[in-house]
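Here is the structure we will look at, set down as structure tokens.
The values are calculated or read from the model by the stated rules, or taken from the named source; none is laboratory data. Quick caveat: nothing in here was measured; it's all calculated off a predicted structure. Glycine also receives a Cβ, built like all others from the backbone with ideal geometry; neighbour counts cover every protein chain displayed.
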Amino acid sequence: MTQDLDTTSPLIAPEPRPGSNLPEYSVGDLARRLKRSIEEEFGFVRVRGEISQPKRHSSGHCYLRLKDDTAVIEAVCWRGTVSKLAVQPAEGLEVIVTGRMTTYPGRSQYQLVIESMELAGEGALLKMLEERKKRLAAEGLFDAARKKPIPFLPDVIGVVTSPTGAVIRDILHRLHDRFPRRVLLWPVAVQGERAAAEVTAAIEGFNRIQPGGPVPRPDLLIVARGGGSLEDLMAFNEENVVRAAAASRIPLISAVGHETDTTLIDFASDRRAPTPTAAAEMAVPVRAELLAQVLDDERRMVGAATRMLAERRTRVEGLARGLGDPRALLEGHAQRLDDRAERLALAAATLLERRRTRLNELGATLRHPRERLAQAEQRLASESRALDGALRHAIVTARGQYERVGGRLSLGPIRVKFGDGSRRLSDLTPRLERGYGKAVEERAAKLAAVGQLLESYSYKGVLARGFALVESGDGKPLTSAAQATPGLAVSLVFADGRAAATVDGPPAADVVEAKPKAAKAKPEPKKPQRPPVQGSLF
């Protein structure tokens, strides 16, 4: 039951609505006031938490979450700030970030704009360094096989360090005391946000110097820095610095920190020095010691050569006493040579006289060449006459045999055989045509019989008698009622076409399928085959 009330009556006043006097805001105005309130209240904050879900956008901005065991805060680091961070965001890393709170009206959420980031405690920093060390070692950057030998006496030494610190003065002082060399300094920042990038650029820059150019290419590099805390030495633990040191084609000595300080560049360098002064001592030997060594080697070499000559002289003198006087030996051999020369001249004259006497004896028994030539001409003339007579006799004999055999040669038998062959060839052509036509008729009759037998076995004849073939959707025939499940789409194949159908219900349980026996086709009576007739080939 309802009752209408007259609100105009002075006895009944309308109840005021709550908040009717508050100002009215649009959604954008309210969002902007909230954003301004939060930014004024939290314009500068330091937050400690664990990084979760860091994501680097294609624009260069980095989005992440800071969380602890009770809450989660969205955070963003703009592109210009990401490259300056001392610690790059990583999943699960506990950090302390500095920034300002703001809101993002598009999603109705508040977020922290990060301006700087540092690790929360030395334990987390050491854990991160240990994980980075394992990952770089797995890539083979710390393998001993990659390390190059340090040159014994480099001509030019490149130093990567701060130009204003005590490190460069210690190195130059130690090099001047031991062995003065030419030094090229590449000034870099050894601490801070840009230190890692500058050290990397210095190592790569020294390696890009070409030999023979206006700036000499260093034979050795020294990357040095004084001592400091673990955070101060973080630039030499960055991955880009370690990779640049491992990829350097110039041998590199790392001298970062004091004796107890260890950074990742120490594992990638070719040699580690405990201090920058020790790096200078490893780079060059002591010049005074080298001079003393050279003078000592010279003295020992001269003494050895003197002793060797004395020993050789003593041995030659001993051998000379055992050989005797060479002049006496040569006099006997000279006399024997004169005797042999005289005997040789006499033997040559005697041999020549003996050969002359023998030639005179042979000349008395030899006939004159003209007589021997006349006998040869007579023998040749007699042999020529005998050969001419034999040739005439052979010609006469051959002419008589040709006249006897030529009368018996005739083409009559050949012409007779050629005529018989032509007649036989003309008889073979019609016989071949008749045989080919008969063979074609026999094959056609056999093919027709086989076609009729195949047609009687075809299921299409069964379909023509009123039966139908049931096929599933994929074209396979259904051979049992169990395959016809309810709702199955089937195709009924008739003799004149197909029809689509659907199985409505399950098969009856009391119906026993009886497979009709296929009617045996009566074999056609075999036609009597005539025995093949073998024709004559002639």
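Checked against the criterion of being assigned to a strand (DSSP E or B), touching a residue at least 40 places away in the same chain (Cβ under 8 Å) and within 16 Å of residue 117 (Cβ to Cβ), the candidates 85, 66 yield just one match: 66.
For residue 136, the criteria (1) surrounded by 12 or more Cβ atoms within 10 Å (Cβ to Cβ); (2) assigned to a loop (DSSP other than H, G, I, E, B); (3) of a type in the set (A, V, I, L, M, F, W, C) hold in every case but one, which is (2). Among the residues of segment 219-271, those identified as over 24 Å from residue 87 (Cβ atoms) and in a loop (DSSP other than H, G, I, E, B) are 219, 248, 249, 250, 251, 259, 270. Number of residues in segment 104-124 that are modelled with pLDDT of 80 or more and of a type in the set (A, V, I, L, M, F, W, C): the value is 4. Scanning segment 465-480 for residues that are exposed (fewer than 14 other Cβ atoms within 10 Å of the Cβ) and touching an Asp or Glu at 6+ places or on another chain (Cβ under 9 Å), we see that the one that is modelled with the lowest pLDDT is 480.
Condition check ((1) surrounded by fewer than 17 Cβ atoms within 10 Å (Cβ to Cβ); (2) among the aromatic types (Phe, Trp, Tyr)) across all residues:
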{"residue": "37", "(1), (2)": "yes, no"}
{"residue": "42", "(1), (2)": "yes, yes"}
{"residue": "55", "(1), (2)": "yes, no"}
{"residue": "58", "(1), (2)": "yes, no"}
{"residue": "73", "(1), (2)": "no, no"}
{"residue": "79", "(1), (2)": "yes, no"}
{"residue": "89", "(1), (2)": "no, no"}
{"residue": "95", "(1), (2)": "no, no"}
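Of all the residues in segment 88-104, those that are touching a strand residue (DSSP E or B) at 6+ places or on another chain (Cβ under 7 Å) and in a loop (DSSP other than H, G, I, E, B) number 5. Taken as a whole, the condition of being buried (at least 17 other Cβ atoms within 10 Å of the Cβ), in contact (Cβ under 8 Å) with a residue 24 or more places away in the chain and either farther than 26 Å from residue 192 by Cβ or not acidic (Asp, Glu) (or both) does not apply to residue 108.
Checked against (1) modelled with pLDDT of 90 or more; (2) assigned to a helix (DSSP H, G or I), residue 285 passes all but condition (2).
Looking only at residues in segment 235-263 that are more than 37 Å from the chain's Cα centre (by Cα) and touching a residue at least 24 places away in the same chain (Cβ under 8 Å), the one that is surrounded by the fewest Cβ atoms within 10 Å (Cβ to Cβ) is 258.
The residue that is farthest from residue 132 (Cα to Cα), among those in segment 88-101 that are in contact (Cβ under 8 Å) with a residue 40 or more places away in the chain and aliphatic (A, V, I, L, M), is 101. In segment 13-25 there is no residue matching the filter, namely being under 60 Å from the mean Cα position of the chain (by Cα), among the small types (Gly, Ala, Ser) and either in a strand (DSSP E or B) or modelled with pLDDT under 80 (or both).
Residue-wise test of (1) modelled with pLDDT under 90; (2) of a type in the set (Asp, Glu); (3) over 49 Å from the mean Cα position of the chain (by Cα); (4) loosely packed, with under 10 Cβ neighbours inside 10 Å.
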residue: 270; (1), (2), (3), (4): no, yes, no, no
residue: 302; (1), (2), (3), (4): no, no, yes, no
residue: 305; (1), (2), (3), (4): no, no, yes, no
residue: 312; (1), (2), (3), (4): no, no, yes, no
residue: 319; (1), (2), (3), (4): yes, no, yes, yes
residue: 324; (1), (2), (3), (4): yes, no, yes, yes
residue: 329; (1), (2), (3), (4): yes, no, yes, no
residue: 332; (1), (2), (3), (4): yes, no, yes, yes
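So, residue 143, is that one surrounded by fewer than 17 Cβ atoms within 10 Å (Cβ to Cβ) and either of a type in the set (Asp, Glu) or closer than 30 Å to residue 47 by Cα (or both) or not? Spelling it out, residue 143 is indeed surrounded by fewer than 17 Cβ atoms within 10 Å (Cβ to Cβ) and either of a type in the set (Asp, Glu) or closer than 30 Å to residue 47 by Cα (or both). Scanning segment 48-58 for residues that are closer than 26 Å to residue 197 by Cα, in contact with a strand residue (DSSP E or B) (Cβ under 7 Å, 6 or more places away or on another chain), in a loop (DSSP other than H, G, I, E, B) and modelled with pLDDT under 80 turns up nothing. Criterion applied to 193, 204 was being more than 18 Å from residue 273 (Cβ to Cβ) and part of a helix (DSSP H, G or I), and the one residue passing it is 204. Considering segment 60-71, the residues that are surrounded by fewer than 11 Cβ atoms within 10 Å (Cβ to Cβ) and of a type outside the set (Ser, Thr, Tyr) include one that is modelled with the lowest pLDDT, namely 69.
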